[in-house]
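Notes follow once the structure below has been shown.
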Amino acid sequence: MNKRVLRALLAAFCLAALLLADAAPFSVVPDAAAVTQAEIDQKKKEKSSLESQKAELQTQLKALQKDKSSALSQKENLDTQIAIIRSEVQNTEEQIAQYEALIEQTEREIADTQEKHEAQYELFCARVRAMEERGTVSYWSVVFHSASFSEMLAAMDFIGEIMESDQRVIDDLQNTEEQLSAEQAALEEQLAAQEAVREELSARNQELNAQLKASQQLIAELAADEAEYKKLIAEKEAAAAREQEEIVRLSRELAAQQNQGAGTKGGYIWPCSSHYITSPLGSRYTGIAGASTNHMGIDIGRVGYTTQAVAAKAGTVIISAYNKYRGNYVVVSHGSGNTTTYQHLSKRSVGVGDKVAQGQVVGITGATGVSSGPHLHFEITENGQIVDPLKYLTNYIKGW
């Protein structure tokens, strides 16, 4: 009886040991912020939509190029295409970042699976050594040396359980090897896909540079045509006068709605990091007889297509739009008749009704609209009248 109890206890102990050793303590809790392939596929779908929009614009541009008097419409088309390409660049950069996160996840999964594989392989080797030492005869000896038929049945059950556990060890090891192989294959696919997207990013940046060059060339050609340029200057100044009246109206209307008094004077900061002035306020010569223009603000140069334009003063956005002369532009109201305007932006970062703090980004500088190169055109209106920003912005560098 003592022998049977001892054997039963031994069987239970061995089985428990095997089951504990076979348990998988390496399970990984999924990351709640994990990137999925579906999210990357959604980015690709968005990119496809952008490609379709760009193709349609290119078709329109070809039609416009046949009409020499449609230079501004061509420029507007190019500005729109450039904005789409910038969106494509951003989309592609986001795909690269998502692939980076996905690759890191897969590498962590591979490391965890390899650790699990090593533990299972060690267990497998231990079981093989034990089976070699025990041998088939040992199993039969346990059966035939049983003291009774019931003891023999118990021994056979015990042996069956051990053999089943040994088979689970083998099956788990094979499953883990298959999992590891699948994860490594997925990693190779992700690395290849990320490299393809990197190449796509390079192509989009080249396309962007080409379109920016074409845009500047179009303005240069327009400026070289005296008759067309005189016409452009006249149209631009007439439009600017109408827009200025609208800006003042909106500013005063907003102030009345918010129960504000007259706008305050002064208190402005530089609207970008550069202090290099390429063109001051007032009348300036364009290089073409009879085509001088009254510059209603200042042009700040030495900026690119990534320089931030910031609110020179706290206020509320009353205009965030695009037109063929100003390009992308933002107007901020600081009280009745007191406004600041930021023109030729490559990107607008605020919308109508947004309240902005002094120094808050309102856009990114660029060359949209009638602009021969990247710069920030900046205006200040006080009491409904244009004033010289250099009255308030000191420490500027004279570049004209």
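Only the coordinates and a few stated rules stand behind these numbers; no lab work does. A quick note: this is a predicted structure, and the numbers were derived from the prediction, not measured. A quick note on method: Cβ atoms are made from the backbone with ideal geometry, for glycine too, and the neighbour counts reach across all protein chains shown.
Here are a few things to note about the model shown:
- Cα-based convex hull, the stretch 226-398, per residue volume (Å³, whole number): 98
- Taking amide H positions as modeled 1.01 Å from N, with prolines and chain starts lacking one, the residues under 5 Å from residue 369 and 5 or more places away or on another chain are 327, 328.
- Environment charge of residue 53, counting only residues whose C-beta is closer than 15 Å and scoring Lys/Arg +1, Asp/Glu -1: -2
- Residue 41 versus residue 264: modelled label distance in nm, points set 7 Å from Cα along the beta carbon direction: 5.5
- Protection proxy ranking, peptides 300-308, 209-217, average beta carbon neighbours within 10 Å, highest first: 300-308, 209-217
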